[in-house]
Amino acid sequence: ILAIACSCLCIQPAAHAQTTVPAKDTIALQHGAHRIGVRTDADMARWRSLRFGQFIHWGVYAIPGGEWKGKTYNGAAEWIRSWKELPHEEYDNLYRQFNPVNFDAQQWASQAKEMGAKYMIITTKHHDGFCLWPSKYSKYTIAASPYKKDLLGPMVAAYNKAGIDVYLYFSIIDWSHPDYRASLKTAADSAANKRFQVFVKNQLAELLQRYPTVKGFWFDGTWDDSWKRDGAFTDELEQYLQSIHPGLVMGSRLRADEKGARHFDSNGRLMGDYEQGWERKLPEKIEDVHGNDWEAVMTVPENQWGYNAQWAGHIKTANELLEMLVKSVSLNGNFVLNFGPKADGTFRTEEQQLMTQIGQWMKINGEAVYNGTYAGFEKQDWGYYIRKAGTDSVYMVVFNIPVSGSLRVKMPAHTSLVSVSLQQQTLTPELIGRNEYFIHLSGKQSDTPVVILLKTTSGENKEKGNFEKAK
Ligand SMILES: C[C@@H]1O/C(=N\OC(=O)Nc2ccccc2)[C@@H](O)[C@H](O)[C@@H]1O
């Protein structure tokens, strides 16, 4: 009885309490997550500090741009090869026309820098298999096009020179490769898949050898059964890439465990270095990210990654996109905004205007975004809190100024307010309850987000803040 009493009385804390996911750990896995909790090394800390990235989807799909022989393709432009109106034979010969004579890596990098992006993700090859670099493992590359020259090298050099890290998008699905199989039905399929796995490993090693300053891979196209069913290979591949390029940052889309689970293994543990499932959607609250690092990727139209001439439907504005960026950072994540250059290497006017508008705000307010983390304050309707990593500085990024003009701020327990400022102007909050304030923005109107800096002090035996003494 004593033993029973003891076992139900002495609650053992979880052996590894870093994650908040109720991990079962009931399934023994060889190829599940090998790390519990976030990566704490310098390369991951750098990725985490960047917060704002630029995605670029560029390839031969930019030539049709979502249209073909007068008809409009309703899917995502980079998927047009899958449209019955466009014969594979015709699509697979588009590379003969791919000649981006107006491509200017320097110009691309400087407009990304102006926007305030700190990293860039480029499609080395999308699902169609066309390689933007002269891969020696494929004939279907930029070398076979009229342009001939490598596109990735100048991009990596120009972006790095502009102080922007580069990550390589790589699609595992490759519609151009004779050995690609979505599913494995026969022994011949399995033999082809083995050859395909060697091809993937060779191309990835080739990319790291050619572009040694890249910081990681952004894998995609890993949902087919042929990939999911070989968790061991995905595990070995990730470890191989880390061995030849230590510190690489790779998201959760690469891996499967030996039971075919993706992103999270069969015990609910995140595989890879950050959660990569937030595609064209954002988490709502901090609990949704389970203590993991994560990244959201976003399109300007509803769902177009490659260049799409039509750009039908709702086109997000700079303020909408800034709110997504700020919301992501307030929930401890990164936000990556996608652009689809034209076949000639230029960006459409609307995308250039967005980069300029976003950059104008980031130039003044980027300090609230870069190195931003979850602040631990109770969410209010006026917008989002962002804590400067490792400090007592908390930014309020205001998107909705209430009709009262008064912004409610509830201080977390054991945290006091030391000062409040709006750019260079000091504000005096009104104490309206126990450790609760109104910050009055009377008469303030703004057509861009307003940033207020709170200096706080926290801890059990802290000196009082400057506004707690009742009048
Ligand atoms: C970034 C996008 O990534 C893709 N697909 O992403 C996903 O499949 N996303 C996904 C799928 C299932 C669950 C959550 C996200 C591609 O097909 C698309 O062309 C684009 O490159």
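Go through the stretch 81-100 and report how many residues are in contact with a Phe, Trp or Tyr (Cβ under 7 Å, 6 or more places away or on another chain), outside any loop (DSSP other than H, G, I, E, B) and more than 16 Å from the ligand (Cβ to nearest atom). Qualifying residue count, the stretch 81-100: 1. Taking the stretch 180-233 as the range and being in contact with a strand residue (DSSP E or B) (Cβ under 7 Å, 6 or more places away or on another chain), in a helix (DSSP H, G or I) and within 16 Å of the ligand (Cβ to nearest atom) as the test, the residues that pass are TRP227, LYS228.
Residues in the stretch 424-443 that are more than 18 Å from TYR395 (Cα to Cα) and either in contact with a helix residue (DSSP H, G or I) (Cβ under 8 Å, 6 or more places away or on another chain) or surrounded by fewer than 10 Cβ atoms within 10 Å (Cβ to Cβ) (or both): GLY433, ARG434, SER442, GLY443. Would you say LYS316 is more than 19 Å from MET115 (Cβ to Cβ) and at pLDDT 95 or above? No; evaluated as a whole, the condition is false for this residue.
Of LEU94, LEU132, all but one fail to be surrounded by 15 or more Cβ atoms within 10 Å (Cβ to Cβ) and more than 15 Å from ILE56 (Cβ to Cβ); the exception is LEU94. Applying the set (1) open to solvent by 60 Å² or more (accessible area, probe 1.4 Å); (2) free of Cβ contacts under 8 Å to residues at least 40 places away in the same chain to HIS414 leaves exactly one unmet item: (2).
For ASP128, the requirement of being within 16 Å of the ligand (Cβ to nearest atom), of a type outside the set (S, T, N, Q) and outside any strand (DSSP E or B) is met. Screening ALA117 against (1) out of contact with any Asp or Glu (no Cβ under 7 Å at 6 or more places or on another chain); (2) open to solvent by 10 Å² or more (accessible area, probe 1.4 Å); (3) part of a loop (DSSP other than H, G, I, E, B) leaves a single unmet condition, (2). The set of residues in the stretch 131-166 being touching a helix residue (DSSP H, G or I) at 6+ places or on another chain (Cβ under 8 Å) and more than 28 Å from PHE196 (Cα to Cα) consists of PRO154, ALA157, ALA158, TYR159, LYS161, ALA162, GLY163, ILE164, ASP165. For the stretch 217-272, a residue qualifies if it is small (Gly, Ala, Ser) and touching a helix residue (DSSP H, G or I) at 6+ places or on another chain (Cβ under 7 Å), and the qualifying residues are SER226, GLY247, ALA256, GLY260.
Of the residues making up the stretch 34-62, those that are crowded, with 22+ Cβ neighbours inside 10 Å and over 18 Å from the mean Cα position of the chain (by Cα) number 4. A count restricted to the stretch 391-408 and to residues that are in contact with a helix residue (DSSP H, G or I) (Cβ under 7 Å, 6 or more places away or on another chain) and within 10 Å of HIS440 (Cα to Cα) stands at 0. Any residue in the stretch 148-165 that is more than 16 Å from the ligand (Cβ to nearest atom), open to solvent by 60 Å² or more (accessible area, probe 1.4 Å), more than 24 Å from the chain's Cα centre (by Cα) and not hydrophobic (A, V, I, L, M, F, W, C)? Looking through the stretch 148-165, at least one residue is more than 16 Å from the ligand (Cβ to nearest atom), open to solvent by 60 Å² or more (accessible area, probe 1.4 Å), more than 24 Å from the chain's Cα centre (by Cα) and not hydrophobic (A, V, I, L, M, F, W, C). Here is the figure for the stretch 63-80: residues that are surrounded by 23 or more Cβ atoms within 10 Å (Cβ to Cβ) and within 14 Å of the ligand (Cβ to nearest atom) total 4. Of the listed requirements (1) assigned to a helix (DSSP H, G or I); (2) open to solvent by 20 Å² or more (accessible area, probe 1.4 Å); (3) within 16 Å of the ligand (Cβ to nearest atom), GLY260 misses just one: (1). Only one of the numbered conditions (1) among the polar types (S, T, N, Q); (2) open to solvent by less than 10 Å² (accessible area, probe 1.4 Å); (3) in contact (Cβ under 8 Å) with a residue 40 or more places away in the chain is not met by SER266, and that is (2).
Remark: LYS259 falls outside the filter, which requires a residue to be touching a strand residue (DSSP E or B) at 6+ places or on another chain (Cβ under 7 Å) and modelled with pLDDT of 95 or more.
The values are calculated or read from the model by the stated rules, or taken from the named source; none is laboratory data. Since we're looking at a predicted model, the values are computed, not measured. Note that each Cβ is placed from the backbone with ideal geometry, even for glycine, and that neighbours are counted across all protein chains shown. The protein model used for the area step is the full one, side chains on, heavy atoms only, and it has no ligands, DNA or RNA in it. Shrake-Rupley method; radii C 1.70, N 1.55, O 1.52, S 1.80 Å.
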